[in-house]
Each structure stands twice: as structure tokens, then as C-alpha cells.
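Trainee: This is the structure I have questions about; it appears just below.
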Amino acid sequence: MAGDGAVITIKRQLFGAELFCTATPLDEGLHVLLTGGHKSHIGAISTAGPGEPAHTKGFPGHKDQYISAPWAERLADRRKQRVCVVCGIHYDDATKEQIGEILHVTEEMLEELLSRLTNETDCP
């Protein structure tokens, strides 16, 4: 049930390191933390409400907003709630192809999260 501290966890192995997503349903909203690779960190923070574009703070030298913003928008629209997504994924010397794979795997993680949230009894 929302706000009871029930955390949804999703993990993936990619390029020898783990990607880790935790989603915490709140009484009014959803908090998501998506980190991993060789160095977990905070690279971008995106918030969104239903039908709104994401408001994003990306930190210098990071490109995590390309993941956090779409996640926030899709989750907010699906949940019909405010969402905060904190994202920080880093792989040392990632190639263009590896970045494409990171985007692909995080998209799969988002789809799993959407599915699991839809199956939760607290989902409107």
C-alpha cells in the first residue's frame, strides 16, 4: 500500500556492474532512485506531475537527465501522481554503443517498474 514503505527493487547486470532501481510509493507520489555502473552518484533529478513536462536539474558533466526526465514523465502520467526520479549511472570510458545499451536496459527497467506498479493494489 502507498506510504507503507514497500519498496520495489529492480536490478540488472551490465558491463560487469549493477544497475539498481528502487521505487518507493508514497501516500501522495512516487520516489525513484536509479543508480549504478562503476560509480553511483546523483547526476540529474527530474520531477513531473501528470500531463506535465519534467522539471530537471542536471549536474555539470553528467547526462543522466536523458534517463531521469522520460522516467519522471511516464511514471507521473501512468500513476497520475507527482514523481521524483534521481538518476546517476556511470560506466568508465563508455562507448557510444555501450551508452545505447545502457539506454536500452534502463528502458527495460522502466517497463518492468511500470508493470509492477500497475499490479500493486495501491495503483490508482
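The values are calculated or read from the model by the stated rules, or taken from the named source; none is laboratory data. Everything numeric here is computed off the predicted structure, so don't read it as measured data. Heads up, the Cβs are rebuilt from the backbone with ideal geometry, glycines too, and the neighbour counts pull from every protein chain shown. In case anyone asks, the SASA skips ligands and DNA or RNA and just uses the protein heavy atoms, side chains included. Shrake-Rupley method; radii C 1.70, N 1.55, O 1.52, S 1.80 Å.
Trainee: Working only within segment 57-78, note down all residues that are free of Cβ contacts under 8 Å to residues at least 12 places away in the same chain and closer than 15 Å to Val32 by Cβ.
Mentor: none
Trainee: Residue check: is Gln81 assigned to a helix (DSSP H, G or I), in contact (Cβ under 8 Å) with a residue 24 or more places away in the chain, of a type outside the set (A, V, I, L, M) and open to solvent by less than 70 Å² (accessible area, probe 1.4 Å)? Break it down into steps so the answer makes sense when it comes.
Mentor: Working: assigned to a helix (DSSP H, G or I): no; in contact (Cβ under 8 Å) with a residue 24 or more places away in the chain: yes; of a type outside the set (A, V, I, L, M): yes; open to solvent by less than 70 Å² (accessible area, probe 1.4 Å): yes.
No.
Trainee: Next up: Report whether or not Leu113 is of a type outside the set (Val, Ile, Thr), within 14 Å of the chain's Cα centre (by Cα), open to solvent by less than 80 Å² (accessible area, probe 1.4 Å) and modelled with pLDDT under 95.
Mentor: The answer is no for Leu113.
Trainee: So His55 clears everything in (1) open to solvent by 40 Å² or more (accessible area, probe 1.4 Å); (2) over 12 Å from Ala76 (Cβ atoms); (3) of a type outside the set (Phe, Trp, Tyr) except one condition, right? Which one?
Mentor: Single failed check for His55: (2).
Trainee: Suppose the filter is buried (at least 16 other Cβ atoms within 10 Å of the Cβ) and among the charged types (D, E, K, R); does Arg74 pass it?
Mentor: Against the criterion (buried (at least 16 other Cβ atoms within 10 Å of the Cβ) and among the charged types (D, E, K, R)), Arg74 qualifies.
Trainee: Moving on to the next point. Conditions first: (1) touching a helix residue (DSSP H, G or I) at 6+ places or on another chain (Cβ under 9 Å); (2) open to solvent by less than 40 Å² (accessible area, probe 1.4 Å); (3) among the hydrophobic types (A, V, I, L, M, F, W, C); (4) not in a strand (DSSP E or B). Leu103 passes all but one, so which condition is the exception?
Mentor: Among (1) touching a helix residue (DSSP H, G or I) at 6+ places or on another chain (Cβ under 9 Å); (2) open to solvent by less than 40 Å² (accessible area, probe 1.4 Å); (3) among the hydrophobic types (A, V, I, L, M, F, W, C); (4) not in a strand (DSSP E or B), Leu103 violates only (2).
Trainee: Would you call Asp93 over 21 Å from Leu114 (Cβ atoms) and open to solvent by 60 Å² or more (accessible area, probe 1.4 Å)?
Mentor: It is true that Asp93 is over 21 Å from Leu114 (Cβ atoms) and open to solvent by 60 Å² or more (accessible area, probe 1.4 Å).
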